Amino acid sequence: MDFTVVIPTYNGAERLPAVLEHLRKQVVSPNLSWEILIVDNNSQDNTRQVITTYQADPLFPVEIRYSFEPQQGAAYARLRAVHEAKGEWIGFLDDDNWPEPNWLTVASQFRYQSPRLGAFSGKIVLATDAILPLNFSRIAGFLAIRDHGNIPWPFVPECLQLPPAASLFVRKQAWIDNVPAMPILGGRRRNFFVQGDDYEPLIYLYKAGWEIWYAPELQTAHQLPAHRFERAYLIRIAHACGLATCQLRLLMDDSHQIPKTVVRTILGGLKRTLLFLLIHRHRAYQDVVLRAELAFHWGSTLSPWICWQLRRS
């Protein structure tokens, strides 16, 4: 099979119909074989019933399979999906991502971009009725909104320049051969919330010699409700992204570089935090976008401590 489209979902009963309808409208070659695998990440609503309804639809163009992952966290749902997928390539969609009708066609063509292509992602545009904060584009990346232009190019993992897991295509065998069975990053821990689970498997792929590319014609829309733009949420998600910094850098570095990486992360984070406060002064606490950026820099400064917590847990 060419592709498995994976949709991890938690309490996605209201969101799943829209993404499935967009997948129903995919315009693909008759020679392209694909399936849909929905991973229920311990939902408490009627997600299972919604999936059953679509599975029973005789007019739906491809098979929809259901899998249950009791361990909370998108990283665990993706791990289960990789091992259950039948496709040579896995296309991840969050349950609030709406792919363009040519999404799979573009992917089927782009997979030949390079013989060492291990993963690729495209544009993720924002779709919302909410009123956006002024200068929201400065922090759009924290909500998986990405537009890197109209020319294909390889990402630079050394600078932690990587795509989110939403609308990401991964070569299945490359993942199985190189990504550990237990993720370090991602989700809510006992005392903190840390992001980075999107980047973690891609770093393993890159270190194994696989390339990660940007495919500009591959486009999805990220449907975000108004509460995702509230001050408290934006600050929290930016801080969680910053807390992953040290761990991601350590994944890129060799073991003998650990002390240097830790010191560099602390000093670099402090420098950026202080310069940010010096430049923006009181506006850094009043403006929600600036406050989110400050939360990211401070989270990066604290990330070595979080890294130590993760490795001892």
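The values are calculated or read from the model by the stated rules, or taken from the named source; none is laboratory data. None of the values given here were measured: they were computed from a predicted structure. In this analysis, Cβ positions are derived from the backbone assuming ideal geometry, glycine residues included, and neighbour counts consider all displayed protein chains.
Pairs are defined by a Cβ separation below 9 Å, a sequence spacing of at least 6 or placement on different chains, a first member in the range 196-208 that is in the same structural domain as Phe120 (by TED's automatic domain parsing) and within 12 Å of Leu117 (Cα to Cα), and a second member that is among the charged types (D, E, K, R) and not in a helix (DSSP H, G or I); the pairs so defined are Leu205/Arg171; Leu205/Glu211. Restricted to the range 1-113, the set of strands (runs of 3 or more DSSP E) holding at least 2 residues that are closer than 23 Å to Pro183 by Cβ comprises 3-9, 34-40, 64-68, 89-92.
Could you go through the range 209-231 and let me know if any residue there is in contact with a Phe, Trp or Tyr (Cβ under 8 Å, 6 or more places away or on another chain), part of a helix (DSSP H, G or I) and among the aliphatic types (A, V, I, L, M). Among the residues of the range 209-231, not one is in contact with a Phe, Trp or Tyr (Cβ under 8 Å, 6 or more places away or on another chain), part of a helix (DSSP H, G or I) and among the aliphatic types (A, V, I, L, M), which makes the answer no. Report yes if Gly118 is touching a Ser or Thr at 6+ places or on another chain (Cβ under 7 Å), more than 18 Å from Asn11 (Cβ to Cβ) and buried (at least 20 other Cβ atoms within 10 Å of the Cβ), otherwise no. In short, no. In the range 188-203, of all residues being out of contact with any Ser or Thr (no Cβ under 9 Å at 6 or more places or on another chain) and within 12 Å of His239 (Cβ to Cβ), the one that is modelled with the lowest pLDDT corresponds to Phe192.
Against the numbered list (1) surrounded by 20 or more Cβ atoms within 10 Å (Cβ to Cβ); (2) of a type outside the set (Gly, Ala, Ser); (3) in contact with a Pro (Cβ under 9 Å, 6 or more places away or on another chain), Pro99 comes up short only at (3).
Among the residues of the range 137-162 satisfying the criterion of being aliphatic (A, V, I, L, M) and not in a loop (DSSP other than H, G, I, E, B), which is nearest to His222 (Cα to Cα)? Going through the qualifying residues, I end up with Leu143.
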